[in-house]
Amino acid sequence: MVENAAHAGKSVGEQVKDMILHHITNGWEWELPSSEWASPVHLNPNLFHFQLFGLDINMSVSRHVLMMFIAAGLLLIMGILVRRKIALIPKGFSSAVEAFVLFIRDEIAIPTMGKHAAEQYISYLCTTFFFILVCNLMGLIPYGSTATGNISVTAGLAIMAFLVIQFAGMRKMGVLGYFGHLVPHGVPAWLAPVMVVVELMGILAKPFALCVRLFANMVAGHVVLLSLIGLIFVMGAAIIPVTLGFGIFMYVLEIFVGFLQAYIFTMLTSLFIGLLVAGEH
Amino acid sequence: MQKFASSLTKIAPYMNIGTMFLGCMVVGVYGGWWLDQKFETEPWCLLAGSLLGIVSGFYHFFKIVFHLQKDPKEENDPTNNKPKD
């Protein structure tokens, strides 16, 4: 453990706890290798800090926001690279990206919402998938941090998914038809108000489930991984072979979980759109 | 790989059922609690919200399950409409 003022007078266990919390939560510094070992880059917490309608709004760039910018930048570069080398039979990096895009179209979008609707929403689904994937994997590279392990980030993604789902439903059925859809066919009149509330709760529960699932999966994996590392400091050097083995296993599992959660988020958004768009026929 | 991918597509909706169930209850309970704070009607909105949350959890559970059971074949089969490019 690094000896500094913040750790003075704390037991090893407490220091490990601090270390874990520091790595999974958001913050105003970004650890980068520099002349001084592991001295962080300080981000300005008052960059875009303002009051609006009596609300205290801080839109400054924190560590997770920075990670999202980097993820977006990487995706932009990826898009430009792939677009420049467009070909009938793509090679190298382009073919890898094409495999993912084809997977999203043929295995996610078309089976859940039919061919016609899939054409309309595939761009949104691809964007979500790649963004979540890159954000998930960013936490696994050194000096990176998992932006999707922050509930505000996943809530933002879920709100976007929520808006797209509602928009898809309204575009298909019309605004009035969409709200009429809240009462299923053949429900007795006395039950209709209850059904409206129940359906509305379902509409709110869908993005909530998306948000919590992604957040919890990303945080849980990192906590396990960091706890295994922390175990070395608590239990001594003899435990290193065990924690190293488990640590590598968890790391590989985290790579898989990163892909899986990006896939699940996309798949479920697609499924919810499909329930509204292709459900009535 | 293809087989793995299509089996993932089949299990994904089932993976949502549990969280959806939880989500409905959380929305119901928290919504009821919020209404109680707003109108000072403790504990009635909380109770009603919890009940509605449980009902809606079960309702959406069965809705997803029934939707999944009736679905296959039809025009939604990905093997039938592979785009020709």
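The values are calculated or read from the model by the stated rules, or taken from the named source; none is laboratory data. From a predicted model like this one, the values you see are computed outputs, not experimental measurements. Neighbour counts run over all protein chains shown; Cβ positions are idealised from the backbone, glycine included.
Within the stretch B:1-59, can you find the residues that are of a type in the set (Lys, Arg) and within 24 Å of A:Tyr263 (Cβ to Cβ)?
If we filter the stretch B:1-59 for residues that are of a type in the set (Lys, Arg), which is where we start, we get B:3, B:10, B:38.
Matches in the stretch B:1-59: B:Lys3, B:Lys10.
Check A:Ile232 against each of (1) of a type in the set (Val, Ile, Thr); (2) crowded, with 17+ Cβ neighbours inside 10 Å; (3) in contact (Cβ under 8 Å) with a residue 12 or more places away in the chain and name the one condition it does not meet.
Tallying (1) of a type in the set (Val, Ile, Thr); (2) crowded, with 17+ Cβ neighbours inside 10 Å; (3) in contact (Cβ under 8 Å) with a residue 12 or more places away in the chain, A:Ile232 fails exactly one: (3).
Tell me which residues, restricted to the stretch B:39-70, are more than 11 Å from every other protein chain (Cβ to nearest Cβ), farther than 15 Å from A:Leu200 by Cα and surrounded by 16 or more Cβ atoms within 10 Å (Cβ to Cβ).
Hits for the stretch B:39-70 are B:Cys45, B:Leu46.
Does A:Met170 meet the test of being closer than 26 Å to B:Val27 by Cα, within 30 Å of the chain's Cα centre (by Cα) and in a helix (DSSP H, G or I)?
When the stated conditions are applied, A:Met170 passes them.
Among the residues of the stretch A:43-63, is any modelled with pLDDT of 75 or more, among the aliphatic types (A, V, I, L, M), part of a helix (DSSP H, G or I) and farther than 30 Å from A:Met173 by Cβ?
Looking through the stretch A:43-63, none of the residues is modelled with pLDDT of 75 or more, among the aliphatic types (A, V, I, L, M), part of a helix (DSSP H, G or I) and farther than 30 Å from A:Met173 by Cβ.
Would you mind stating whether A:Gly202 is more than 14 Å from every other protein chain (Cβ to nearest Cβ) and part of a helix (DSSP H, G or I)?
no
From the residues in the stretch B:15-38 that are among the aromatic types (Phe, Trp, Tyr) and within 11 Å of another protein chain (Cβ to nearest Cβ), which one is surrounded by the most Cβ atoms within 10 Å (Cβ to Cβ)?
B:Phe21
Looking at (1) part of a helix (DSSP H, G or I); (2) more than 14 Å from chain B (Cβ to nearest Cβ); (3) surrounded by 13 or more Cβ atoms within 10 Å (Cβ to Cβ), find the lone condition where A:Phe69 falls short.
The one condition A:Phe69 does not meet is (3).
Inside the stretch A:139-151, can you point out the residues that are over 14 Å from A:Val252 (Cα atoms) and touching a residue at least 24 places away in the same chain (Cβ under 8 Å)?
Within the stretch A:139-151, A:Tyr143, A:Gly144, A:Ser145, A:Thr146, A:Ala147, A:Thr148, A:Gly149, A:Asn150, A:Ile151 meet the criteria.
Which of (1) within 14 Å of another protein chain (Cβ to nearest Cβ); (2) over 30 Å from the mean Cα position of the chain (by Cα); (3) part of a helix (DSSP H, G or I) is the odd one out, the single condition A:Trp190 does not satisfy?
(1)
Condition check: within 10 Å of chain B (Cβ to nearest Cβ), surrounded by 15 or more Cβ atoms within 10 Å (Cβ to Cβ) and either part of a helix (DSSP H, G or I) or out of contact with any helix residue (DSSP H, G or I) (no Cβ under 8 Å at 6 or more places or on another chain) (or both). Does A:Glu119 satisfy that? Quick ask: steps written out before the conclusion?
Details: within 10 Å of chain B (Cβ to nearest Cβ): yes; surrounded by 15 or more Cβ atoms within 10 Å (Cβ to Cβ): no; either part of a helix (DSSP H, G or I) or out of contact with any helix residue (DSSP H, G or I) (no Cβ under 8 Å at 6 or more places or on another chain) (or both): yes.
It is false that A:Glu119 is within 10 Å of chain B (Cβ to nearest Cβ), surrounded by 15 or more Cβ atoms within 10 Å (Cβ to Cβ) and either part of a helix (DSSP H, G or I) or out of contact with any helix residue (DSSP H, G or I) (no Cβ under 8 Å at 6 or more places or on another chain) (or both).
Considering each of A:Met170, A:Met113 in turn, give the residue that is farther than 28 Å from A:Ala220 by Cα and buried (at least 20 other Cβ atoms within 10 Å of the Cβ).
A:Met113
Could you please find all residues in the stretch A:86-113 being facing chain B (nearest Cβ under 10 Å) and part of a helix (DSSP H, G or I)?
Keep residues of the stretch A:86-113 that are facing chain B (nearest Cβ under 10 Å), which gives A:88, A:99, A:102-103, A:105-113.
Matches in the stretch A:86-113: A:Ala99, A:Leu102, A:Phe103, A:Arg105, A:Asp106, A:Glu107, A:Ile108, A:Ala109, A:Ile110, A:Pro111, A:Thr112, A:Met113.
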